[in-house]
Amino acid sequence: MGEPHTISWVFMWHSVMKKIINLCLSNLLSLLTTSHSSSADISPSPSAESSGLLSLPWEILTHIVSYLPVHFVVNVLPKVCHALSNVGQDRTSWQLRAQRLVGLRAAFPVGPREDFDWPGACLQMEQLITCWSGEVDPPPALECITLPTGHIAHVNSVLLLGGEGKVCATASRDWNVKLWDLELGSLLQTMGRQGDFSSHRGWVWCLASQGPLLASGGFDSTVRLWDLQAGGADRALIRTGAAVLCLSCQPDMLLAGTFDKRVSMYDTRAAAPLVKSIRMHSNAVMCLCADDKYIISGSKDCTVAVYDRRAGKGLKRLRLSSYLLSMSYSGCEVWAGDNGGMLHSFSMQAGTLKPVSQFDVGHTALITGIHRSPGSLYTCSSDCTVKVHIPCAPPRTLSTLHYQTGVHGVSAAGVLAIASGDVRVQVWRPRK
């Protein structure tokens, strides 16, 4: 007899709480609007401190504020009053918001929670959901531009430069690296030394950048360095001894993974740039990522290795049932895609790489590219799709883009650039 009454009471409680939250949000928005209109330079309001809304218990206030847009909590509330400023610093409030965004059955973040950027992650998730959720194709919040056909063979890699999504570089099997102005949708230049007919002497397979330096690696067993501040001028040529399959640019070092099973470290400022070459795999190095302390590499031998840069030694080698082709590392999380279409997540703390889980997100072939940030995850595959996810466990897939041919690379920084499998590059960006 008690169960129907319990269910009825729960529904009634949710209904009452919903009305309270709506009423409080209405009052809060009214308070903020009044504060905005009173002065262009908002100062703390004494009346706000004593308002009925702010007299609510802290737990209820933080719960209510978790329903406001992130940019409002971060940029507006601190200017209204001290109490509301503190709300934006409450970790519990951000965790409540994040759980609501990813869903009750998903875990977030996948890696360690200590020092996690909750506001940044929530902002990215809200923007991602706003842009990519829904059944409408193309998404109404976005516009898609296709760069003019500048290459005459497949584009293997695309890289957004400068962090603002205004310029990108492309690398192609036509042996060339090109720079593009994304605001105008036009070609800026084809990279190359004076007198050379192409950027490389073979397929250009990968790109990486750090500040004004752009690096391109190719099947001609070279890494070429280009100075973006000097208009893309040729800066150096590094001979690697084997085809270059992956690159990572760090502030003090350039890292290259090659077909001859090695990860090599280069000082791009030195006349003899090779610092060290390490061999932790028994087959080609397909992907790598790094920070100032560690290098993480994935190989066709189905292993993932961790190298301690400061100690100068290998730390760990994990064996998988598949091999990784793409990898993204930020914060304490590593996400990677394998040759069977599966996503792998790892946590990285104090040099210890721990497998967290693997996920089937619907790719049916090689995951050729991956980009992860605290609140976004993009994957592309030779199965002719690009998928947009929230990086929780399991990932929440928001959208799938379909192409005629396999997709070779993605890059995200305010906009999403896609090497769409043939000679074209597509760019998705917020509609103006």
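A few remarks follow.
- Computed in the context of the full set of protein chains, the accessible area of the chain at 1.4 Å probe radius has 54% of its extent on carbon or sulfur.
- Among 253-263, 122-132, the order from most to least packed when residues are scored by Cβ within 10 Å on average: 253-263, 122-132
- Once the C-beta distance of residue 432 and residue 74 is scaled by a Förster radius of 30 Å, the resulting FRET efficiency is 0.80 to the nearest 0.05.
- Student exercise, the chain dipole from Lys, Arg, Asp, Glu Cβ charges, in Debye to nearest 20: 900 debye
- Förster radius 35 Å - calculated FRET efficiency between residue 201 and residue 360, Cβ distance, rounded to 0.05: 0.30
- Accessible surface area normalised per residue over segment 142-430 is 38 Å², counting heavy atoms of protein chains with a 1.4 Å rolling probe.
- Overall form of the chain per C-alpha gyration tensor (a/c, 1.5; a/b vs b/c): prolate
- Protection-proxy order for peptides 58-66, 282-290, 84-92, 153-161, each taking the mean of Cβ atoms within 10 Å per residue, highest first: 153-161, 282-290, 58-66, 84-92
- Take every pair of alpha-carbon atoms less than 8 Å apart whose residues are at least six positions apart; their mean separation over the length of segment 142-430 yields a relative contact order of 14 percent.
- Modelled label positions at residue 292 and residue 89, each set 7 Å beyond Cα in the direction of Cβ, lie 2.5 nm from each other.
- The label point for residue 269 and the one for residue 56, both projected 7 Å from the Cα toward the Cβ, are 5.4 nm apart.
- Expected 222 nm ellipticity per residue - DSSP helices of 4 or more, -39500 (n - 2.57), all of the chain, to 500: -6500 deg cm²/dmol
- Percentage relative contact order, segment 323-399, counting C-alpha pairs under 8 Å, at least six apart: 23 percent
- Sites residue 194 and residue 107, calculated FRET efficiency, Cβ-Cβ separation with R0 51 Å, nearest 0.05: 0.40
- Full extension of the chain between residue 234 and residue 252 gives 4.5 nm of extra length, using 0.36 nm per residue less the Cα-Cα distance.
- In this structure, the residue pairs whose Cα-Cα separation is over 32 Å, taken from 313/387; 166/316; 166/387; 261/354; 300/387, are 313/387; 166/316.
- Burial order of peptide ranges 373-385, 234-246 (average beta-carbon count within 10 Å, highest first): 373-385, 234-246
The values are calculated or read from the model by the stated rules, or taken from the named source; none is laboratory data. Just so we're clear, the structure is a prediction, and the values are computed from it rather than from any experiment. Every residue, glycine among them, receives a Cβ derived from its backbone with ideal geometry; neighbour counts consider all protein chains shown. Only protein heavy atoms, including side chains, enter the accessible area calculation; ligands, DNA and RNA are left aside. Shrake-Rupley method; radii C 1.70, N 1.55, O 1.52, S 1.80 Å.
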